[in-house]
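Have a look at the structure below before the remarks.
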Amino acid sequence: MSTVELAVRKVKKMSARQARELLGWLAARQANGTSLKKSGRPAGRKSRARRSMHKLKAWQDSIRFTTDWQPPRMPHAHTL
C-alpha cells in the first residue's frame, strides 16, 4: 500500500474539527514557504556518500608517496 493510500485512509477517519486543523496547518506551512517533502529519498543520503568519499580521498592523499612499495607486476611474456 502506498503512502498516499495510507494518508487517505487516515484522513477519512478524521473528525471535521481534525480535518480543519490539518488544513490550517498545511496552509500555514505553505504561507511560510515551507513545502512538503517531494523526494522519496532521505535527504542525507547523497551528502553522506559525498562526505565519506571526501574522507577516503583525503586519506589516500595523506598516505600517497609515504612508502616505496610498488604493486606486483606481471612478468613479461618473453621472460617466462
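From the list Gln30, Gln60, the lone residue that is modelled with pLDDT of 80 or more, out of contact with any strand residue (DSSP E or B) (no Cβ under 9 Å at 6 or more places or on another chain) and surrounded by 10 or more Cβ atoms within 10 Å (Cβ to Cβ) is Gln30.
Among the numbered conditions (1) modelled with pLDDT under 85; (2) surrounded by 10 or more Cβ atoms within 10 Å (Cβ to Cβ), the only one that Pro72 does not meet is (2).
Just to be sure before I move on: is Leu23 open to solvent by 90 Å² or more (accessible area, probe 1.4 Å) and at pLDDT below 85 in the structure I sent? Talk me through it step by step, then tell me what you get.
Numbers: open to solvent by 90 Å² or more (accessible area, probe 1.4 Å): yes; at pLDDT below 85: no.
In short, no.
Considering the range 40-57, and only residues there that are modelled with pLDDT of 90 or more and of a type in the set (A, V, I, L, M), the residue that is farthest from Val4 (Cα to Cα) turns out to be Leu56.
The values are calculated or read from the model by the stated rules, or taken from the named source; none is laboratory data. The model shown is predicted, which means the values in this text are computed figures rather than measured ones. Backbone-built Cβ (ideal geometry, glycine too); neighbour counts: all protein chains shown. The accessibility values were calculated without ligands, DNA or RNA, using every heavy atom of the protein model including side chains. Shrake-Rupley method; radii C 1.70, N 1.55, O 1.52, S 1.80 Å.
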